[in-house]
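Okay, so here's the structure we're looking at.
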Amino acid sequence: MTSTSEALRMIKQGAVKLDGKRVSDAQLVLKTGNTAVVQVGKRRAARVSVGEPE
């Protein structure tokens, strides 16, 4: 996604999944130390690791 507006629109449309579950909360915060698979639409997916802030 290239902008916050696009990300919010995709969440509202139901196109975003986190570990296979649809994301409906735009204020979702991942816990530190977790690794998750984020999927946007059918073809865009990435494994995301959340670490400690520097």
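Bear in mind that the values in this text are calculations on the coordinates, not laboratory data. Predicted model, so just to flag it, every value in this text is computed and none were measured. Glycine also receives a Cβ, built like all others from the backbone with ideal geometry; neighbour counts cover every protein chain displayed.
Numbers at a glance
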item	result
Exclusive hit being more than 11 Å from the chain's Cα centre (by Cα), surrounded by 12 or more Cβ atoms within 10 Å (Cβ to Cβ) and in contact (Cβ under 8 Å) with a residue 12 or more places away in the chain, set Val40, Val23, Val16, Val50	Val50
Members of the range 1-35 that are over 20 Å from Glu52 (Cβ atoms) and among the basic types (Lys, Arg)	Arg9, Lys12, Lys17, Lys21, Arg22
